[in-house]
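Reading through the structure tokens given below for one structure.
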Amino acid sequence: MKGTPFPTEQVGKILGLQRKGLVVFEKGTFDGDSIVLYVLCEDSLPSEVISTVREVYRGSIFSLVLLFKRKIL
């Protein structure tokens, strides 16, 4: 049986990342050999999102959408 795509042992790293700002793992696919994730995150977090996904899932991000904060006057 191939490894699970769920970060059961490292879930704290994913939750810690989400505490830093808006990070949404929108959807993903897992075929037993690879995982493809679509992620939305704040513009200040892409490097942390990429490194966390590499570490936890041993994968790469297919699409990373940046969300910019704007001040409303």
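Read-outs: derived from the displayed coordinates by stated rules, not from any lab. Fair warning: this is a prediction, and the values are worked out from it, not measured in the lab. Positions of Cβ are generated from backbone atoms using ideal geometry, with glycine treated the same way; all protein chains shown enter the neighbour counts.
Table for the structure above
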| quantity | calculated |
| --- | --- |
| Residues satisfying the stated conditions in the range 53-69, i.e. part of a strand (DSSP E or B) and either surrounded by 12 or more Cβ atoms within 10 Å (Cβ to Cβ) or β-branched (Val, Ile, Thr) (or both) | Ser60, Ile61, Phe62, Leu64, Val65, Leu66, Leu67 |
| Cβ-Cβ under 9 Å pairs, at least 6 apart or on other chains, the range 11-23 side more than 11 Å from Thr52 (Cβ to Cβ), far side of a type outside the set (Asp, Glu) and assigned to a helix (DSSP H, G or I) | Val11/Val56 |
| Every pair of residues 6+ apart whose Cβ atoms lie under 7 Å, when the first sits in the range 35-57 and is touching a residue at least 40 places away in the same chain (Cβ under 8 Å) while the second is β-branched (Val, Ile, Thr) and surrounded by 15 or more Cβ atoms within 10 Å (Cβ to Cβ) | Val56/Ile14; Tyr57/Ile35 |
| The range 16-52, subset among the charged types (D, E, K, R) and in contact with a strand residue (DSSP E or B) (Cβ under 7 Å, 6 or more places away or on another chain), residue surrounded by the most Cβ atoms within 10 Å (Cβ to Cβ) | Glu42 |
